[in-house]
Amino acid sequence: MEKLLYNNLLRLRNHYLLLNSIEIVIAIIIFEAIKITEISLHYRQIGKFIGNIAVILGVGCLIYYVARELYIYIKKKNIKIPMNNEIFPKKLILYSGLLHPVLGISMFYVVLLHAGFMITGGIKHYNFSIIAGIMAGISLLIMLILGMNINKYKWMRKYHRRFAYILIFFYIVHML
């Protein structure tokens, strides 16, 4: 069962075109279904909820980075981990590493969906929060482009991380 899960995640991770196609179709279906059914909630409330989903996906991506860096730090400092507990961090890093690109691409489409609902709900006035959200979206797009090429060009990894810090900064400003 574990091998099957690993192989399916690996296959999904390595087929960006398939993953993007599936997520574009799902996003369009969700957006159009909500517009057609005229749900009693306002578009802005739906947009805020979808924005929260994007944050959850971002935290899922961040788990891989934090777990990997913590594991490397522990190994460098020769901190002893009990034998039965060493399996957990390795599996966490393995599966979160496989999910990282899937969650990252999903987060990008969810952010686009969030922007679509917020724009459809009507922007009364432009303020710094909206500009910060646009900048967060642009940094997410750059991260996505860098992340898709990270296996070919290892030097892109440090820029991918830097744009993650920029994204977190703009997200915090967006929420203020």
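Here are some conditions: (1) surrounded by fewer than 20 Cβ atoms within 10 Å (Cβ to Cβ); (2) polar (S, T, N, Q); (3) in contact (Cβ under 8 Å) with a residue 24 or more places away in the chain. S139 meets all but one. Which one does it not meet?
(1)
Just to be sure before I move on: is Y165 surrounded by fewer than 20 Cβ atoms within 10 Å (Cβ to Cβ), more than 20 Å from A67 (Cβ to Cβ) and of a type in the set (S, T, Y) in the structure I sent?
So Y165 does not fit the description; no.
Of the residues in segment 130-143, how many are of a type in the set (A, V, I, L, M, F, W, C) and at pLDDT 85 or above?
Final tally of qualifying residues: 7.
Rundown of residues vs (1) under 19 Å from V59 (Cα atoms); (2) surrounded by fewer than 16 Cβ atoms within 10 Å (Cβ to Cβ), yes/no style:
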{"position": "M107", "(1), (2)": "yes, no"}
{"position": "I130", "(1), (2)": "no, yes"}
{"position": "L144", "(1), (2)": "yes, no"}
{"position": "R161", "(1), (2)": "yes, yes"}
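For the structure I just gave you, tell me whether L176 is under 19 Å from L57 (Cα atoms) and in contact with a helix residue (DSSP H, G or I) (Cβ under 8 Å, 6 or more places away or on another chain).
Against the criterion (under 19 Å from L57 (Cα atoms) and in contact with a helix residue (DSSP H, G or I) (Cβ under 8 Å, 6 or more places away or on another chain)), L176 does not qualify.
For segment 133-176, which residues satisfy the criterion of being assigned to a helix (DSSP H, G or I) and among the hydroxyl-bearing types (S, T, Y)?
S139, Y159, Y165, Y171
How many of the residues making up segment 77-98 are assigned to a loop (DSSP other than H, G, I, E, B), exposed (fewer than 11 other Cβ atoms within 10 Å of the Cβ) and at pLDDT below 70?
Qualifying residue count for the region: 1.
Could you list, in sequence order, the residues of segment 151-171 that are over 17 Å from F108 (Cα atoms) and aliphatic (A, V, I, L, M)?
If the condition is that a residue be over 17 Å from F108 (Cα atoms) and aliphatic (A, V, I, L, M), then M156 is the only one that fits.
The values are calculated or read from the model by the stated rules, or taken from the named source; none is laboratory data. Keep in mind that this is a model prediction, so the values were computed, not measured. Quick reminder, even Gly has a Cβ in these numbers, built from the backbone with ideal geometry, and neighbours come from all protein chains shown.
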